[in-house]
Amino acid sequence: MNRFDKQAKNWDNDPNKILRAKKVATEIKNFIKPTENSKVLEFGCGTGLLSYQLKDYFKTFILTDTSKGMIDVLQQKIKHESITNFHPLLINLLKENLNECNFDVIYTMMTLHHILDIPKILNRFKSLLKTHGYLCIADLVKEDGSFHSSHPDFDGHNGFDKNKLSNLLKANGFIVEYYNLYFEIEKEVNNKIKKFPLFLMICKKVS
């Protein structure tokens, strides 16, 4: 059991997690202007907070995560609220194939910095998206490593530099069409409150 499995039951109790999901959802809706026939994939869905904010704007949602605890909580929410267009999957997209493809939109929130091989997952996203489909990345701005200072086993990325990530996306067939700092997470680091900005980057698959 990883730490996300352990945190799953109380994940939705943090109002800031819900607030940032609402902010990301609003910016995605305003930029993409979704249609009711669109099919979307959420990568690293957790308990589905972001997709929940978008559930009335797209037709079909495939929600993926590697944490069984998170998927279990999501399934309970789907059953409790009789949500019919959510389809959660416990799957590692870096290692396993997804039967679905030709998505109109893929989005991910606070997951990408946990992925070691960024070019590989971007290539995976490209293979799953329709041409001119959108990839939306909400994550940490490049930081000094203190964001995960309370998790000594963390081996991911300390956020992302806008230009470096844009170049990686370009090399994998995407162009960046939107970038905004939408939220700040406040954490106590060395007995002081430190702010960590979050960005939303929206890209289009062009090749």
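Give the residue that is surrounded by the most Cβ atoms within 10 Å (Cβ to Cβ), with candidates limited to residues of the range 20-64 that are of a type in the set (Asp, Glu) and free of Cβ contacts under 8 Å to residues at least 60 places away in the same chain.
Going residue by residue through the range 20-64, those that are of a type in the set (Asp, Glu) are 27, 36, 42, 56.
So of that shortlist, the ones also free of Cβ contacts under 8 Å to residues at least 60 places away in the same chain come out as 36, 56.
Working: Glu36: 8, Asp56: 10.
In this case the residue turns out to be Asp56.
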(request) Filter the range 76-94 down to the residues that are in a loop (DSSP other than H, G, I, E, B) and under 18 Å from the mean Cα position of the chain (by Cα), then identify the one that is surrounded by the fewest Cβ atoms within 10 Å (Cβ to Cβ). (result) Asn92
(request) Just give me the residues in the range 184-207 being surrounded by fewer than 18 Cβ atoms within 10 Å (Cβ to Cβ) and closer than 21 Å to Arg124 by Cα, in sequence order. (result) Val206, Ser207
(message) So the check is Cβ under 7 Å with 6+ separation or different chains; which pairs have a first residue in the range 166-190 that's touching a residue at least 24 places away in the same chain (Cβ under 8 Å) and a second one that's loosely packed, with under 14 Cβ neighbours inside 10 Å and aliphatic (A, V, I, L, M)?
(response) Gly173/Val206; Phe174/Val206; Ile175/Val206
(request) Within the range 1-57, track down each residue that is closer than 21 Å to Leu90 by Cβ and among the basic types (Lys, Arg). (result) Arg3, Lys6, Lys9, Lys17, Lys39, Lys55
(message) What's the number of the only condition in (1) out of contact with any Gly (no Cβ under 9 Å at 6 or more places or on another chain); (2) part of a helix (DSSP H, G or I); (3) not charged (D, E, K, R) that Val73 fails to meet?
(response) (1)
(request) Could you tell me which of the residues Leu181, Leu122 is surrounded by fewer than 12 Cβ atoms within 10 Å (Cβ to Cβ) and of a type outside the set (Val, Ile, Thr)? (result) Leu181
(request) Taking the residues in the range 95-124 that are among the basic types (Lys, Arg) and outside any loop (DSSP other than H, G, I, E, B) as candidates, determine which candidate is farthest from Pro34 (Cα to Cα). (result) Lys120
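All of the numbers you see were taken from the coordinates with simple rules; none came from a lab. Values in this document were obtained by computation on a predicted structure and should not be read as measured data. Every residue, glycine as well, gets a Cβ built from its backbone with ideal geometry; the counts of neighbours run over all protein chains shown.
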